[in-house]
Amino acid sequence: MSVLIELGDDRGAPLDERRPPPQVSRRWWVAVLVAVCALLGGAAPAARLTPQVGPAVPARATVLGAGPLLLVVDPDPTPPTLSAYDSAAPAGPPRWQVPVPPASGWSAEVAGDLLLLVERDQARGARVTTARSMRTGQPVWRRPERVYAAGNAAVAVSEVRSASEPGRRVEGTVHGVDPATGATRWSVPLPSTAVLRALPGRVLLVQDDGLARLLDARDGTERGRGQLPPADYGPDNPQVVGGHLVLRHPSGGAVALTGYDLPGLAPRWQAPAPPGELTLRPCQGLICGQDEQGRWAIDAGTGARVWTWPAGARWRTVAGPRVAAEPLVVLGTAADGKRSLVATVGRDGRRVSGVLPAGLTDC
């Protein structure tokens with residue numbers, strides 16, 4: 001049995017409020033952390049945390065959040081099993097349970113009424129994606145590529161193999177996929193490797209030479225293109241929020257952030273970027289940054305600073321799928337040095353949601 005943390009909808013506590021820790025049995029701690037991270041990574045967090053009993057999680061299981069579902073992959077049976085629970089009420093029996101092929105790892109996302117379950121090989125490359133019914137878990141189609149959701153559409157690509165997580169760097173050909181059948185609707189070849197962003201109804205491709213193209217995910221029609229400056233293109237650069245793209249790139253002897261309009265990719269604003277390590281992520285319609293001095297947010301359309309949080313550098317962002325309309329979820333250490341605080345970071349800045357028991361320190 002595990003304990004999940006349900007995110008409520010009332011206003012969060014001030015950052016300096018000290019709450020007593022929830023009473024959670026020590027033997028549940030690891031399962032609590034895995035389940036909390038899966039839920040926080042897969043759904044928009046609200047403002048309050050309350051303990052909630054969740055499903056039994058086997059020792060070596062993989063726990064994934066996918067829209068309204070909490071997924072548990074148990075690798076020990078032959079074949080492994082995939083169980084789907086209602087993420088709003090995970091204490092009950094699974095909605096469905098199905099066998100899945102063996103793999104070294106899994107990831108999942110939702111495309112319309114389909115669950116895209118990706119199986120990974122030992123090199124952490126995508127070996128195959130199976131589209132399953134969200135209602136029954138039964139397979140609908142299967143492709144030997146990584147398939148990304150683009151709203152109600154989907155695109156299939158070959159990821160660049162890497163000893164670490166390949167992110168969204170792709171090569172070969174991008175294929176538009178018919179969600180109903182898994183058949184290829186359209187294809188666009190890539191002259192080199194590229195960074196892919198699957199957006200609602202659109203696909204952004206940024207090639208190694210800086211050529212950026214915005215494609216319609218339904219038919220592959222090019223909706224816009226532009227030339228971006230040399231940059232360290234990767235899974236977190238550039239970032240897209242609404243009709244704007246924000247790129248981190250060298251400028252003279254320093255580093256700058258430049259905002260571009262979509263779909264035309266015309267430059268709109270430029271601002272200096274802080275020196276040193278910098279991470280950018282979309283958060284509730286803004287671009288949230290973390291550098292060595294703290295956290296801050298800018299308006300992607302103007303580059304204007306919306307808020308600054310100097311203490312934010314000490315907080316760790318919970319990993320997981322990111323949606324531009326959702327706030328980030330971050331973990332920090334409470335004043336006693338033993339418990340972890342959970343906060344959301346979005347348009348109105350930061351807000352503490354609750355306190356995890358001592359012993360739960362990271363996702």
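The values are calculated or read from the model by the stated rules, or taken from the named source; none is laboratory data. Just so it is clear, the model here is predicted, and its values are computed rather than measured. Counting neighbours? That spans all protein chains shown, and the Cβs are built from the backbone with ideal geometry, glycine included. When the accessible area is computed, the model is the full protein with side chains, heavy atoms only, and any ligands, DNA or RNA have been set aside. Shrake-Rupley method; radii C 1.70, N 1.55, O 1.52, S 1.80 Å.
Return yes when TRP309 is of a type in the set (Phe, Trp, Tyr), farther than 28 Å from ALA358 by Cβ and modelled with pLDDT of 85 or more and no when it is not. So TRP309 fails the test. Look at (1) part of a loop (DSSP other than H, G, I, E, B); (2) touching a strand residue (DSSP E or B) at 6+ places or on another chain (Cβ under 6 Å) and you find that GLY276 fails only one, number (2). Considering region 315-339, the residues that are among the hydrophobic types (A, V, I, L, M, F, W, C), in a loop (DSSP other than H, G, I, E, B) and in contact with a helix residue (DSSP H, G or I) (Cβ under 9 Å, 6 or more places away or on another chain) include one that is modelled with the lowest pLDDT, namely ALA319. Considered as a group, the residues in region 158-178 that are assigned to a strand (DSSP E or B) and of a type in the set (A, V, I, L, M, F, W, C) include one that is modelled with the lowest pLDDT, and that residue is VAL170. Annotation: of all residues in region 245-272 being over 29 Å from LEU215 (Cα atoms) and in contact with a strand residue (DSSP E or B) (Cβ under 9 Å, 6 or more places away or on another chain), the one that is least open to solvent (accessible area, probe 1.4 Å) is ALA254. Scanning for something at pLDDT below 95, open to solvent by 30 Å² or more (accessible area, probe 1.4 Å), more than 19 Å from ASP219 (Cα to Cα) and not in a loop (DSSP other than H, G, I, E, B), does region 131-152 turn up at least one residue? No, every residue in region 131-152 fails to be at pLDDT below 95, open to solvent by 30 Å² or more (accessible area, probe 1.4 Å), more than 19 Å from ASP219 (Cα to Cα) and not in a loop (DSSP other than H, G, I, E, B). For GLY312, the conditions (1) touching a Phe, Trp or Tyr at 6+ places or on another chain (Cβ under 9 Å); (2) part of a strand (DSSP E or B) are fulfilled apart from (2).
The residues of region 88-124 that are small (Gly, Ala, Ser), buried (at least 17 other Cβ atoms within 10 Å of the Cβ) and within 24 Å of ALA198 (Cα to Cα), listed by number, are SER107, ALA108, ALA111. From (1) modelled with pLDDT of 90 or more; (2) open to solvent by 10 Å² or more (accessible area, probe 1.4 Å); (3) in contact with a Gly (Cβ under 8 Å, 6 or more places away or on another chain), pick out the condition that doesn't hold for THR181. Looking at each condition in turn, THR181 falls short on (3). For VAL342, the conditions (1) touching a Leu at 6+ places or on another chain (Cβ under 9 Å); (2) at pLDDT 90 or above all hold with the exception of (2). Only one entry in GLY12, GLY54 is at pLDDT below 50 and within 25 Å of ALA334 (Cβ to Cβ), namely GLY12. Taken over region 68-111, residues that are more than 28 Å from GLN122 (Cβ to Cβ) and in contact with a helix residue (DSSP H, G or I) (Cβ under 7 Å, 6 or more places away or on another chain) amount to 1.
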